[in-house]
Structure formats: structure tokens, C-alpha cells
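This is the structure I have questions about; it appears just below.
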Amino acid sequence: MAETSTQTVATPRGRRFNVRHMPGFTFVAGLCLFGLYAPLAIMVVYAFNSERSVTNLHGFSLRWFEQAATNQIVQDATLLSLKVALFATVFATIAATMAALATTRTTPYKGQTLVYAIINQPLMIPEIVTAVGTLTFFGLIKQITGVQGVGYLMLAHTVFCIPFAFMPIRARLEDMDLTMEHAAADLYATPWQAFRRVTLPLMFPGIIAGAMLSFVISLDDVIINLLVAGAGEMTLPIYMIGALRRGLTPEVNAISTVLLGVTLIFVTFFFILTLKKR
């Protein structure tokens, strides 16, 4: 009996499951990647088309990039988009950092899950619903106060960017070891000194990642811009939508290619920072 038991324990374990070994996995993965990136590749190719056509290639040219760069409307729209995105990034990151500290550097309390749900609410609710609600809310404020301006658009972007900044910052804080913070407290550092000299430097990669993600989300947003932006407040996505309605040209492809490049740069840095070793 003892020998049988020993033989049972010594039996080698089977090979671990790996989804890559499943039949057809490579084909399905390749098909998904093709469906995701083939349209983007075609868009980039036709951005360099020398002629107006977006269905026939006539040669390589930077004509449409030059035309977009010298278009005064595109310049104004880009400047407004950058202003709104920068404003939203700064204040959304500050709010997300405070929220992350309040939900990780504290004793677990009743209702903490509800707090997470409230902070991440813009991620769970369809953006069109958020946009309609924001439009109605700001419309009432404008009617009561008579105050107009781009500040409403900046505030709307700040609010829906908070959860995007909150996720990487909170993940960074949860991954941090509390040993150094406790050591700072043992060495008579005040809470502010411990935060400034220990916690903040350690969580800084998460803050940068959250800020970059917020910037990209704000810069690329369409629905909030369409519903909340007032008269004369044309952001770059709104200009592109209007240009598409007038007829697709390689100029829109050129603008989209630049936005794609900017987004890829920010997303790459985002993943580098989130995967950075402690």
C-alpha cells in the first residue's frame, strides 16, 4: 500500500494548458489583428497619395500633410483641442491622484467598493448618455448664469478623463511596498515629508501613465465634443467629422495619420511605464 501511494505522488504532472496550442488559435489571432490594423494601414497609405482620390494610388506625395499644416481652420482646431486636452489632463490627473491615495492609503471601510464604482462610472456608462446628461446640465447652468465659453468643454473633458487617470495611478499604489513609507514614519518624517520624498517619487510613473492616457482620450474624443462644444468651439475631431460630410479627401487621412502617430507614442510610453519594474 505504501509503495502504491509513493508511486502516485511521484507521478509527473501533465503539461500546463497553453491557449496558443489550441487548434486554429494562430489563424483566429491573425484574422483579428488583420481586421484591426488593415484599415489603419490603408488610411496611412492613402494619406501619401499624390491625387485627391482615396481609392486609387497615383504616387507618393506629402501634399496633403502640407495642406493640413497650412490650413488655418485646422491650426485653430488643433490649438483648441490641445488646450482642452492639456487642461483636462492636469486637473483630471490631480483629482485621480487624490482619489487613488484616498482609496489605497487608508484602512478598508464599508462602502469602499461603492466609491470605486462611482469613480469609474464614466467607464461603465455609454459615452453618448454621459454626453447628453452633460449637455443638459451645462445648458441649465448657461441659462441660469448666462455665462458662456470653452470652460464647459474643458470641465466635461476633465470629468470623464478622471477614471482613465485613476486606473494606472491606483494600480501603481497597490503594487508599491509600504516598507519605505513605514521607515520614513519611523524616522520621524511628517506625513507630508513621507509623501513628498517617498510616496510621490515611487508613484510618479503611474501618474505620468495616467496623464498620458487622459491626454490621448481627451484629444481623440468626438461625442463629448459634438454635444458640449458651443458655437465657434471647433476642435480637431469636430473639424474632421465636418470634412468627412463634405467628402472624403486625403487631407483627412493625413490628419488621422498624425493623430494615430501621436496616440501610438503616448500608448507606447503608457505601457512602458505601467510595466516598469519596481
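Within segment 105-153, how many residues are small (Gly, Ala, Ser) and in contact (Cβ under 8 Å) with a residue 40 or more places away in the chain? Give the steps one after another, and end with the answer.
Kept after step one, since they are small (Gly, Ala, Ser), are these residues of segment 105-153: 111, 117, 131, 133, 139, 146, 149, 151.
Subsequent filtering for residues that are in contact (Cβ under 8 Å) with a residue 40 or more places away in the chain retains 131, 149.
Qualifying residue count for the region: 2.
While we're here: ALA165 - would you say it is among the aliphatic types (A, V, I, L, M), in a helix (DSSP H, G or I) and under 15 Å from the mean Cα position of the chain (by Cα)? So that I can check it myself, show each step before the final result.
Numbers: among the aliphatic types (A, V, I, L, M): yes; in a helix (DSSP H, G or I): yes; under 15 Å from the mean Cα position of the chain (by Cα): yes.
Here the answer is yes, as ALA165 does meet what is asked.
Is there a residue in segment 84-91 that is over 17 Å from ASN225 (Cα atoms), not in a helix (DSSP H, G or I) and not β-branched (Val, Ile, Thr)? Break it down into steps so the answer makes sense when it comes.
Step one: filter segment 84-91 for residues over 17 Å from ASN225 (Cα atoms), giving 90-91.
Imposing the further condition that a residue be not in a helix (DSSP H, G or I) reduces the set to none.
Among the residues of segment 84-91, not one is over 17 Å from ASN225 (Cα atoms), not in a helix (DSSP H, G or I) and not β-branched (Val, Ile, Thr), which makes the answer no.
Would you confirm whether any residue within segment 179-200 is small (Gly, Ala, Ser), in a helix (DSSP H, G or I) and under 23 Å from the mean Cα position of the chain (by Cα)? Quick ask: steps written out before the conclusion?
Our first condition is that a residue be small (Gly, Ala, Ser); within segment 179-200, this holds for 183-185, 189, 194.
Filter again for in a helix (DSSP H, G or I), leaving 183-185, 194.
With under 23 Å from the mean Cα position of the chain (by Cα) added as a condition, the list becomes none.
Taking every residue of segment 179-200 in turn, none turns out to be small (Gly, Ala, Ser), in a helix (DSSP H, G or I) and under 23 Å from the mean Cα position of the chain (by Cα).
Might you let me know whether segment 68-76 holds any residue that is surrounded by fewer than 20 Cβ atoms within 10 Å (Cβ to Cβ), under 24 Å from the mean Cα position of the chain (by Cα) and assigned to a helix (DSSP H, G or I)? Spell out the reasoning first.
The first filter runs over segment 68-76 and keeps only residues surrounded by fewer than 20 Cβ atoms within 10 Å (Cβ to Cβ), leaving 69-73, 75-76.
Still in the list and also under 24 Å from the mean Cα position of the chain (by Cα): 75-76.
Next cut, assigned to a helix (DSSP H, G or I) only: 75-76.
The answer is yes, given that some residue of segment 68-76 is surrounded by fewer than 20 Cβ atoms within 10 Å (Cβ to Cβ), under 24 Å from the mean Cα position of the chain (by Cα) and assigned to a helix (DSSP H, G or I).
Shifting gears a bit: If you go through segment 30-49 one residue at a time, do you hit one that is modelled with pLDDT of 80 or more, among the polar types (S, T, N, Q), within 30 Å of LEU259 (Cβ to Cβ) and surrounded by 10 or more Cβ atoms within 10 Å (Cβ to Cβ)?
As a first pass, look at segment 30-49 and keep what is modelled with pLDDT of 80 or more: 30-49.
Subsequent filtering for residues that are among the polar types (S, T, N, Q) retains 49.
Filter again for within 30 Å of LEU259 (Cβ to Cβ), leaving 49.
Remaining after also requiring surrounded by 10 or more Cβ atoms within 10 Å (Cβ to Cβ): 49.
Scanning segment 30-49, I find at least one residue that is modelled with pLDDT of 80 or more, among the polar types (S, T, N, Q), within 30 Å of LEU259 (Cβ to Cβ) and surrounded by 10 or more Cβ atoms within 10 Å (Cβ to Cβ), so the answer is yes.
Are there any pairs, at least 6 apart or on different chains, whose C-beta atoms fall under 8 Å, with the first in segment 21-33 and of a type outside the set (A, V, I, L, M, F, W, C) and the second surrounded by fewer than 10 Cβ atoms within 10 Å (Cβ to Cβ), and if so, which?
Within 8 Å, the pairs are THR26/ARG20.
Right, something else. Just give me the residues in segment 52-67 being surrounded by 13 or more Cβ atoms within 10 Å (Cβ to Cβ) and closer than 18 Å to GLY247 by Cα, in sequence order.
Residues of segment 52-67 that are surrounded by 13 or more Cβ atoms within 10 Å (Cβ to Cβ), as a first pass: 52-54, 57, 61, 63-65, 67.
Hits for segment 52-67 are ARG52, SER53, VAL54, LEU57, ARG63, TRP64, PHE65, GLN67.
The values are calculated or read from the model by the stated rules, or taken from the named source; none is laboratory data. Predicted model only: the values in this text are computed from it and were never measured. Backbone-built Cβ (ideal geometry, glycine too); neighbour counts: all protein chains shown.
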